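Take a look at the structure set out below.
The values are calculated or read from the model by the stated rules, or taken from the named source; none is laboratory data. This is a predicted model, so every value here is computed, not measured. Heads up, the Cβs are rebuilt from the backbone with ideal geometry, glycines too, and the neighbour counts pull from every protein chain shown. Protein only, heavy atoms only, side chains kept; ligands, DNA and RNA dropped before computing areas. Shrake-Rupley method; radii C 1.70, N 1.55, O 1.52, S 1.80 Å.
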Amino acid sequence: MCGLAGEFRFDGQLADLTALARMTGQMINRGPDASGVWSTGPIALGHRRLKIMDLADASGQPMTDPQLGLSLVFNGAIYNYPALRGELEIMGYRFFSDGDTEVVLKAYHAWGEKMLERFNGMFALAIWERDTQRLFLARDRLGIKPLYLSETSQRLRFASSLPALVHGGDLDTSINPVALNHYLSFHSVVPAPLTILNGVQKLPPGHWLRIDAQGQREQQCWWTLEYGARADEQELPFEAWQDRVLDSLRAAVKRRNLAAVDVGVLLSGGVDSSLLVGLLHEAGARDLQTFSIGFADVNGEAGNEFRYSDLIAEHYATDHHQLMIPEQEILSGLPDALTAMSEPMVSHDCIAFYLLSREVSKHCRVVQSGQGADEIFAGYHWYPQVDQAADPVAAYQQAFMDRDFSEYRDTVQPGWVQQDHAGDFIRDHFARPGADQGLDKALRLDSTVMLVEDPVKRVDNMTMAWGLEARVPFLDHELVELAARIPGRFKLPGDGKYVLKEAARQVIPAAVIDRPKGYFPVPGLKYLQGSTLDWVRDSLTSRRARERGLFNDAYVDTLLRNPMDHITPLRGSKLWQLAVLDLWLDAQGV
């Protein structure tokens, strides 16, 4: 788990090492253990290293193999690298290190882009081909690891974070109006390749890009998620699906316990994280460290679920750490949490993950986290609505979108109004082949887009801000593909995730499974009271915000008068959404 960066020139100039130093320097928190730079002619690669899989210097990056004519920077973890290494050794390859990085390098020489289909893991990578003078970039199936791009006619730059590219300079930082519409309408989800800045794009998940010295490019999607049971699974009973889910999750958890350092668990008290603890215990993990966070109650709304996380910690005798955050600490931590965001994100979980990661990083370097279970096993409240609707698209939009296009026009100043880009994107996604039922179409959109651009990004950004690696077993691609084949009637009962919950009964206490579905936002950010509201007001009414010219002043004033009257369908604050974007742009100097 690290931070990578690079520059590839198309104009015959040498790569700009000064810009590369600025980019890698900005990502020091992603890789506090070591750094490296390698360059030759038009290409330069930079790296910040967090030592997890192999602690030896031999696995340092950028990694170059002169015999193969390849150089690599890599961010992530390949969990099945020992098996792949065995295959490569049989083919005659010899290794000088013990980690997964060199396996990636030699796998590319052996199999080219087809190596990606063999990987089980999370990754973003860049490989320089010396003899062809081409650069190969790739991103994992579900976008767990980020890869940002900035391209001009003279050069391509890439990095693990958007702020790193901003620090590199020579960047168009104007606001992208299409992305702005997505951000304010689709709950801050800005689908790849877009970002909020015109000068930066994201390589989409499950894609690779190859580009030559003239800037000619080839890009392909190498993985798609298909829904619906296979022919031999059509008659499978519920019990068979349940067993397959548990077996697949067991394998995913075991894979993600592979590290040269201790692995802990972020324990919320819900079914998903509790199940991870149970499966790790079942696999023989002892003295497991678990971590939970809570906040002060506001307006009678609970700010923690300690009663359930404590139950699991006691049941499995974990080394449990409970972190209670007062409102003043939320406010003091918000600027740094916003700075840690590669893109603006409105979820209250951002500050929770940021502060929790700060605590966890004092005790371990790797944690497993339960992100993804709701998206792949239908755990959210809108899935039954979509499944039963005559118009699934309309049902999804009503339940998930923060604003319809009419309110969007009221939110922003006239120059930013184009068309309903977010609504069009959702309608187009629902119309694609590969998912027949409305429920499956919604699950596909959430698993391959929303999940990537909100929960997964949130976890990566906030944990890496503290040099902490987060692993997400529910996003093991084999488990995700299995879940996509399970009929909806086995997912929706019991407030969703039915097949997962029933499988969990074989592992964890029923009290955690049969509890009401948990949802505890950071109350101080949902209701925006006191000093937090003052901070938001000062930001949105500042001269800088007014001169930026994004938001309609009358709309902002309406939200400021009564923040609690303007809550999104996902129970978030519309005022907070505007403030996050404004504050994030300030942090980037935009």
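Going by the conditions given, is Phe400 among the aromatic types (Phe, Trp, Tyr) and under 29 Å from Asn198 (Cα atoms)?
Numbers: among the aromatic types (Phe, Trp, Tyr): yes; under 29 Å from Asn198 (Cα atoms): yes.
Judged against the criteria, Phe400 is a match.
Residues in segment 263-274 that are in a loop (DSSP other than H, G, I, E, B) and in contact with a Leu (Cβ under 9 Å, 6 or more places away or on another chain): Leu267, Gly269. When the residues of segment 236-262 are filtered to those that are at pLDDT below 95 and assigned to a loop (DSSP other than H, G, I, E, B), the one that is most open to solvent (accessible area, probe 1.4 Å) is Asp262. Of the residues Gln328, Gln368, Gln385, Gln322, the single one that is within 22 Å of Tyr527 (Cα to Cα) and not charged (D, E, K, R) is Gln328.
Matching residues to (1) part of a helix (DSSP H, G or I); (2) in contact (Cβ under 8 Å) with a residue 60 or more places away in the chain; (3) within 20 Å of Ala5 (Cα to Cα); (4) open to solvent by less than 60 Å² (accessible area, probe 1.4 Å):
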site	(1), (2), (3), (4)
Ser39	no, no, yes, yes
Ser71	no, no, yes, yes
Leu88	yes, no, no, yes
Gly92	no, no, no, yes
Thr101	yes, no, yes, yes
His109	yes, no, no, no
Ala124	no, yes, yes, yes
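What are the residues in segment 20-37 that are outside any helix (DSSP H, G or I) and among the charged types (D, E, K, R), if any?
So in segment 20-37, the residues outside any helix (DSSP H, G or I) come out as 27-37.
Result: Arg30, Asp33.
Pairing residues of segment 177-188 that are over 12 Å from Gln397 (Cα atoms) and open to solvent by less than 10 Å² (accessible area, probe 1.4 Å) with residues that are basic (Lys, Arg) and not in a helix (DSSP H, G or I), at Cβ distances under 7 Å and at least 6 apart in sequence or on separate chains, gives Leu184/Arg403. Restricting attention to segment 111-122, the residues being more than 18 Å from the chain's Cα centre (by Cα) and either within 19 Å of Gly69 (Cα to Cα) or open to solvent by less than 10 Å² (accessible area, probe 1.4 Å) (or both) number 7. Scanning segment 200-225 for residues that are of a type outside the set (S, T, N, Q) and within 21 Å of the chain's Cα centre (by Cα) yields a count of 13. Does Tyr81 satisfy the condition of being modelled with pLDDT of 95 or more, more than 17 Å from Cys2 (Cβ to Cβ), of a type in the set (Ser, Thr, Tyr) and surrounded by 20 or more Cβ atoms within 10 Å (Cβ to Cβ)? Spelling it out, it is not the case that Tyr81 is modelled with pLDDT of 95 or more, more than 17 Å from Cys2 (Cβ to Cβ), of a type in the set (Ser, Thr, Tyr) and surrounded by 20 or more Cβ atoms within 10 Å (Cβ to Cβ). Given (1) part of a loop (DSSP other than H, G, I, E, B); (2) exposed (fewer than 15 other Cβ atoms within 10 Å of the Cβ); (3) not hydrophobic (A, V, I, L, M, F, W, C), identify the lone condition not met by Gln61. So Gln61 meets the others, but not (2).
Of all the residues in segment 150-168, those that are out of contact with any Lys or Arg (no Cβ under 7 Å at 6 or more places or on another chain) and surrounded by fewer than 20 Cβ atoms within 10 Å (Cβ to Cβ) number 3. Every listed requirement among (1) more than 24 Å from Lys457 (Cα to Cα); (2) of a type in the set (Asp, Glu); (3) touching a residue at least 40 places away in the same chain (Cβ under 8 Å); (4) touching a helix residue (DSSP H, G or I) at 6+ places or on another chain (Cβ under 9 Å) is met by Asp11 save one, (4). Residues in segment 334-351 that are assigned to a helix (DSSP H, G or I) and open to solvent by 10 Å² or more (accessible area, probe 1.4 Å): 5 in all. Put simply, of Val393, Val386 the only residue that is open to solvent by 20 Å² or more (accessible area, probe 1.4 Å), touching a helix residue (DSSP H, G or I) at 6+ places or on another chain (Cβ under 8 Å) and in contact (Cβ under 8 Å) with a residue 12 or more places away in the chain is Val393. What pairs can you find where one residue is in segment 329-346 and at pLDDT below 90, the other is among the aromatic types (Phe, Trp, Tyr) and surrounded by 22 or more Cβ atoms within 10 Å (Cβ to Cβ), and their Cβ atoms are less than 8 Å apart, with a gap of 6+ or different chains? Pairs found: Ile330/Phe295; Gly333/Tyr354.
State whether the residues of segment 374-384 include one that is β-branched (Val, Ile, Thr) and closer than 26 Å to Glu481 by Cα. Break it down stepwise before answering.
Keep residues of segment 374-384 that are β-branched (Val, Ile, Thr), which gives 376.
Next, from what is left, pick out any that are closer than 26 Å to Glu481 by Cα: 376.
Yes, there is a match, as at least one residue in segment 374-384 is β-branched (Val, Ile, Thr) and closer than 26 Å to Glu481 by Cα.
Residues that are farther than 26 Å from Gly589 by Cβ and at pLDDT 95 or above, at least 2 per element: which strands (runs of 3 or more DSSP E) completely within segment 151-223 meet that?
Details: elements: 155-159, 207-212, 217-221.
Passing ranges, in order: 207-212, 217-221.
Just to be sure I understand the filter: pairs with C-beta atoms under 8 Å, separated by 6 or more residues or on different chains, first member in segment 550-568 and of a type in the set (Phe, Trp, Tyr), second member open to solvent by 50 Å² or more (accessible area, probe 1.4 Å) and not in a helix (DSSP H, G or I). Which pairs pass? Listed pairs, sorted by first residue: Phe551/Gln413.
Note on segment 531-579: residues that are open to solvent by 60 Å² or more (accessible area, probe 1.4 Å), closer than 21 Å to Ser332 by Cα and of a type outside the set (Phe, Trp, Tyr) total 3. Residues in segment 41-58 that are within 20 Å of the chain's Cα centre (by Cα) and outside any strand (DSSP E or B): Leu50, Ile52.
Mind checking which residues of segment 15-62 are among the aliphatic types (A, V, I, L, M) and within 25 Å of Asn257 (Cβ to Cβ)?
At the first step, the residues of segment 15-62 found to be among the aliphatic types (A, V, I, L, M) are 15, 17, 19-21, 23, 27-28, 34, 37, 43-45, 50, 52-53, 55-56, 58.
Answer for segment 15-62, where residues must be among the aliphatic types (A, V, I, L, M) and within 25 Å of Asn257 (Cβ to Cβ): Ala34, Leu50, Ile52, Met53, Leu55, Ala56, Ala58.
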